[in-house]
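Worksheet: the structure to be examined is printed underneath.
The values are calculated or read from the model by the stated rules, or taken from the named source; none is laboratory data. Predicted, not measured: the structure shown is a model, and the values here were computed from it. Counting neighbours? That spans all protein chains shown, and the Cβs are built from the backbone with ideal geometry, glycine included. For accessibility, only protein heavy atoms count, side chains too; no ligands or nucleic acids. Shrake-Rupley method; radii C 1.70, N 1.55, O 1.52, S 1.80 Å.
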Amino acid sequence: MTQTGKNRSLRMSARAMRWQDATRWMGTTLLLGVASLSVLAVLFIFYFIAREAIPFFLARGFREFFTSTAWYPSAHPPQFGVLAILAGSALVTVGAVTVAVPLGIAAAICLSDLLPFSVRQGVKPVIELLAAIPSVAYGFFALVVLAPLLQERGGALFRGFVWGIGIPLGALAVVMGSGLMAARLPPAWRKRGSVGIGFLLAMAIGWFLRALAARAGGIRVDSGTNALNASLILGIMALPTVVSVSEDALQAAGREIREGSYALGATRSETLLRVVLPAAGSGIAAAVILGVMRAVGETMVVWMASGNAAQIPRPWYNLLQPVRTLTATIAGDMGEADHVTGSERYAVLFAMALVLLVFSFLCNLAGEWAVRRSRRRMSGE
Amino acid sequence: MNWKSIGTATVFAAALVGGRAHAQEKIVIDGSTTVGPVAKAFAEYYMQRNPGVAISVSESGSGNGAKSLINGACHIATMSRAMKENELAAAKEKGVDPIAHIVCMDGIALIVHPSNPVKEMTVEQVRALYKGEITNWKELGGPDRPVVVISRDTNSGTYEAFEELVMKKEKMGEKTEYVGSNGAIRQRVLTTPAAIGYVGLAFLEGVKALRINGVEPTAESVNDKSYPVARPLFMYTNGKPAGHVAAYIGLKDTDDGCRLIEDIGYVPLKVKAVEKK
């Protein structure tokens with residue numbers, strides 16, 4: 001500074017300032033352009049899908065599309081009832097969320113608060129690796145491994161599932177139930193009473209589980225490509241998203257909040273359930289919504305695993321029936337459905353895409369809303 | 001636009017690259033999406049050996065193929081059905097003389113799991129199954145299991161042929177499952193004891209093909225037309241073909257041509273090639 005700065009004033013010349021202004025303007029414009037590109041892309045997608053979809057609704061109205069279950073696009077005359085397909089999409093998505101959300105949040109809690117740091121460093125990348133497997137590979141697995149397995153050993157699988165979930169839950173219920181009930185007995189009886197009550201409870205729960213397992217074991221799966229198969233695979237696919245995002249949220253809740261809770265005398269489970277989870281609520285909500293969107297938008301797996309039968313299962317919650325989803329229908333029918341076979345068959349696919357897009361949009365909005373609400377609550381209003 | 005145009009463009013580009021040194025002769029082919037794969041495979045094969053010829057294959061449907069030929073917009077119209085009366089009349093009016101060449105046969109086998117005791121069905125029973133009127137194998141003399149009915153997706157030429165030959169414009173039942181390829185149907189039937197599906201004759205390994213109206217689905221029975229779920233696939237030309245067009249269509253009778261047809265899943269007219277395998 002001393003030598004070179006001797007005969008340079010701190011003020012820049014007018015030319016340099018002009019130059020600086022120009023580059024600043026250019027930089028800002030460029031970045032603005034790049035940023036608005038993604039917004040523009042979304043708008044364009046909306047526009048082009050709506051451009052094909054709206055004429056369809058104008059020509060055929062909303063009634064058939066939303067209330068009829070008759071999906072015969074290649075018949076003469078064609079029928080475009082999409083209700084069964086909407087129901088299929090909803091069923092598979094709900095199934096996938098039922099798989100992914102409890103598992104994912106439990107895994108996230110385990111990773112962030114229970115496992116030692118070194119284990120977490122090893123396990124989290126492995127879970128995230130699930131997201132890197134191409135969806136065709138999942139679909140192939142569903143078709144070649146899971147579908148035959150469900151058909152041949154479906155009953156045994158369900159029985160194993162009942163026992164696998166039932167025993168830990170039952171044990172927890174026995175311990176907590178006997179403790180709670182014994183607390184009402186006179187002090188002298190408490191110790192012996194809790195053992196007796198625990199024994200009775202264990203008998204009752206064991207009997208109930210056995211009856212349930214026997215029923216589950218008797219289920220026969222006729223077709224392995226069904227809503228359950230697709231839900232399971234989609235749930236596994238959504239798992240890394242749910243785990244990763246909710247684990248980040250739990251981490252972000254911070255060390256202070258946990259230490260504060262322990263300092264007030266809370267146990268580990270109280271800290272986790274009453275303090276950390278609510279604090280991370282917005283992040284977990286975001287994780288769930290991302291998981292839902294992953295499940296709704298996935299195409300290849302449902303095309304291969306769901307059976308693609310355009311029907312509403314009877315009863316509607318029967319996951320063992322084949323169903324058809326919006327994404328699979330769009331993918332499966334796109335090839336032939338151009339001007340050759342009639343433009344309506346083409347346009348109806350865009351109408352479905354519009355429904356999907358609107359649903360995703362609403363999901364996103366709900367996510368935003370959940371995040372904001374919980375943020376407001378956390379800031380103490 | 002769509003996959004077909006991209007396919008056309010590829011074939012076209014291949015032609016341009018292959019034949020840039022020579023004067024180009026162009027053959028334009030348009031028509032059925034069912035015959036399209038054969039036309040494309042033939043085109044690729046032919047252009048490799050005849051660099052001076054550019055063949056473009058479009059798939060706009062049998063009806064549009066016929067229209068193109070009548071309007072002189074293509075040299076060969078590929079069709080999965082014979083020309084109709086009104087198309088022939090329109091051709092005559094324009095001075096076009098359509099000549100049909102049967103390229104190969106499209107035979108569809110009904111397949112079930114090898115453990116299924118049912119060996120034979122009538123076309124009517126198959127139709128009732130796919131309409132959802134028959135829902136249990138015991139109605140057909142099999143075990144007491146609900147039938148898992150599997151169909152190709154509505155996009156495929158096989159579906160179209162099945163709809164025409166078996167369903168006779170009736171709609172499939174809502175429980176019908178749809179699968180994206182011949183191979184995937186075989187896979188599902190192979191692993192599902194209660195399933196029934198339909199595939200091209202090239203996909204029978206490991207599964208049991210049913211006799212339909214008492215006839216076994218074989219290359220012979222498809223060719224002599226005794227097997228009911230089969231149809232010829234056509235290429236139409238204006239007048240007797242000559243030169244490259246004739247040689248191109250003539251591929252169907254060569255061993256290599258038969259192999260190409262088999263690879264796609266259709267039945268070549270020359271049965272010998274099938275037996276050689």
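Based on the alpha-carbon gyration tensor of the range B:106-223, what equivalent-ellipsoid semi-axes (square roots of 5 times the eigenvalues) come out, in whole Å, largest first? Working shown, then result.
On the way: eigenvalues 64, 54, 43 Å².
Rounded to whole Å, the semi-axes are 18, 16, 15.
Would you give the gap between the C-alpha center of the range B:203-241 and the C-alpha center of the range A:38-81, rounded to a whole Å?
38
Rounded to a whole number of µm²/s, how large is the Stokes-Einstein D of chain B at 37 °C and 0.692 mPa s, given Rh as the Kirkwood radius over C-alpha pairs?
In µm²/s, the coefficient is 166.
Just the number, please: percent antiparallel of the DSSP beta bridges in the protein assembly as shown, rounded to the nearest 5.
Details: 26 of 42 bridges.
Counting only bridges with both partners in the protein assembly as shown, antiparallel ones make up about 60 percent.
So if I take the centroid of the Cα atoms in the range A:244-285 and the same for the range B:62-90, what is the distance between those two points in Å?
Taking the Cα centre of the range B:62-90 as reference, the centre of the range A:244-285 is 72 Å away.
222 nm [θ] for chain A, helices only, -39500 (n - 2.57) per DSSP H run of 4+, per residue, to 500?
Dividing the helical sum by the residues of chain A leaves -24000 deg cm²/dmol.
Which entries of B:LYS94/B:LYS225; B:LYS208/B:LYS270; B:LYS40/B:LYS119; B:LYS175/B:LYS225; B:LYS84/B:LYS240; B:LYS26/B:LYS225 show an alpha-carbon separation above 29 angstrom in the structure shown?
Too far apart for the 29 Å limit: B:LYS94/B:LYS225; B:LYS40/B:LYS119; B:LYS175/B:LYS225; B:LYS26/B:LYS225.
Report, by chain and number, residues whose modeled amide H sits under 5 Å from the one on B:ALA195, excluding near sequence neighbours (fewer than 5 apart, same chain).
Residues meeting the amide H criterion: B:HIS113, B:VAL148.
What is the Å³ per residue value for the convex hull set by the Cα atoms of the range A:225-381?
Values: hull volume 22.2 nm³, N = 157.
Spread over its residues, the Cα hull of the range A:225-381 gives 142 Å³ apiece.
In a shell of Cβ-Cβ distance under 14 Å around A:VAL126, excluding A:VAL126 itself, what net charge do Lys and Arg (+1) and Asp and Glu (-1) give?
0
DSSP beta bridges in the range B:106-223, what fraction antiparallel, as a percent rounded to 5?
Just about 55 percent of them are antiparallel.
Residues with beta-carbon under 12 Å from that of B:ALA161, excluding B:ALA161: net charge, scoring Lys, Arg +1 and Asp, Glu -1?
It works out to a net charge of -1.
What is the ratio of the Cα radius of gyration of the range B:34-154 to 2.2 N^0.38 Å, with N the residue count, to two decimals?
Cα Rg divided by the expected 2.2 N^0.38 Å: 1.55.
Evaluate the distance, in nm, between pseudo-label points positioned 7 Å from the Cα of A:LEU103 and of B:LYS240 along their respective Cα→Cβ axes.
The two pseudo-label positions are separated by 6.9 nm.
Tell me which of B:ALA247, B:ILE196, B:SER115 sits at the most positive position along the dipole axis of chain B, charges placed on C-beta atoms (Lys, Arg +1; Asp, Glu -1).
Farthest towards the positive end: B:ALA247.
Return the Cα extents of the range A:117-221 along principal axes one, two and three, sorted largest first, each rounded to a whole Å.
Each principal axis gives a Cα extent; for the range A:117-221 these are 64, 44, 14 Å.
Return the Rg/Rh ratio of the range A:228-318 with Cα-based radii and a Kirkwood Rh.
1.19
Running Debye on the range B:53-97 with equal point scatterers at the Cα sites and no solvent, what base-10 log of I(q)/I(0) appears at q = 0.16, 0.18, 0.28 Å⁻¹?
-0.40, -0.50, -1.05
Once phi is turned into ³J(HN,Hα) by the Karplus curve 6.51 cos²θ - 1.76 cosθ + 1.60 with θ = phi - 60°, what whole-Hz value does each residue of the range B:157-163 show in order, with x for glycine and proline?
For the range B:157-163, the Karplus-derived couplings read x, 5, 4, 4, 5, 5, 4 Hz, x marking Gly and Pro.
Restricting to DSSP H runs of at least four residues, report the calculated mean residue ellipticity at 222 nm for chain B, -39500 (n - 2.57) per run over all residues, nearest 500 deg cm²/dmol.
So the helix-based figure for chain B works out to -10500 deg cm²/dmol.
Over the range B:106-223, what is the relative contact order in whole percent, taking alpha-carbon pairs under 8 Å and six or more residues apart?
43
Against the 2.2 N^0.38 Å scaling, with N counting residues, where does the range A:177-228 land? I'd like the Cα-based Rg ratio to two decimal places.
On the way: Rg = 18.8 Å, N = 52, 2.2 N^0.38 = 9.9 Å.
Here the answer is 1.91, to two decimals.
What does the charge count around B:ARG231 come to, taking other residues whose C-beta lies under 9 Å from its C-beta (Lys +1, Arg +1, Asp -1, Glu -1)?
Once all neighbours under 9 Å are counted, the net charge is -1.
Scan the range B:92-143 for trypsin sites (Lys or Arg not before Pro) in coil per DSSP, keeping those whose Cβ has at most 16 other Cβ atoms within 10 Å, and list them by number.
B:LYS94, B:LYS119
Per residue of A:216-226, what is the mean number of Cβ atoms on other protein chains within 10 angstrom of that residue's Cβ? Walk me through the intermediate numbers first.
Numbers: counts 0, 0, 0, 0, 3, 1, 9, 11, 5, 9, 2.
Average neighbour count from other chains, rounded to a whole number: 4.
Grab the beta carbon distance between A:VAL123 and A:LEU180, set R0 = 41 Å, and tell me the FRET efficiency rounded to 0.05.
0.75
Along the principal axes of its C-alpha atoms, what lengths does the protein assembly as shown span, in descending order and rounded to whole Å?
The Cα atoms of the protein assembly as shown stretch 104, 97, 49 Å along the principal axes, largest first.
Tell me, what is the percent relative contact order of the range A:83-379, built from C-alpha pairs under 8 Å that lie six or more residues apart? Write out the running numbers ahead of the final one.
Details: 386 pairs, mean separation 88.3, N = 297.
That works out to 30 percent.
Tell me, what is the 1.4 Å probe accessible area of A:GLU152, in Å² to the nearest 10?
120
Averaged across B:168-179, how many Cβ atoms of other chains sit within 10 Å of each residue's Cβ atom?
The shielding value for this peptide is 6.
Can you give the FRET efficiency for A:ARG153 and B:GLU205, using 1/(1 + (r/R0)^6), R0 = 30 Å, r = Cβ-Cβ distance, to the nearest 0.05?
With R0 = 30 Å, the Cβ-Cβ based efficiency is 0.75.
Would you mind giving the mean number of other chain beta-carbons within 10 Å of the Cβ of each residue in B:57-64, as a whole number?
2
Only Cα pairs under 8 Å and at least 6 apart count here; give the relative contact order of chain B as a rounded whole percent. Kindly include the intermediate steps, with their values, before the conclusion.
Details: 543 pairs, mean separation 65.2, N = 277.
Here the relative contact order equals 24 percent.
For the range A:3-60, what does the equivalent ellipsoid look like in terms of its semi-axes, each the square root of 5 times an eigenvalue of the Cα gyration tensor, given largest first in whole Å?
54, 9, 5
Using C-alpha positions alone, give me the convex hull volume of chain A per residue in cubic angstrom. Kindly include the intermediate steps, with their values, before the conclusion.
Values: hull volume 105.7 nm³, N = 381.
Spread over its residues, the Cα hull of chain A gives 278 Å³ apiece.
Keeping all protein chains in the complex and leaving out DNA, RNA and ligands, what accessible area do you get for A:VAL144 with a 1.4 Å probe, in Å² to the nearest 10?
Estimated to the nearest 10 Å², A:VAL144 gives 50 Å².
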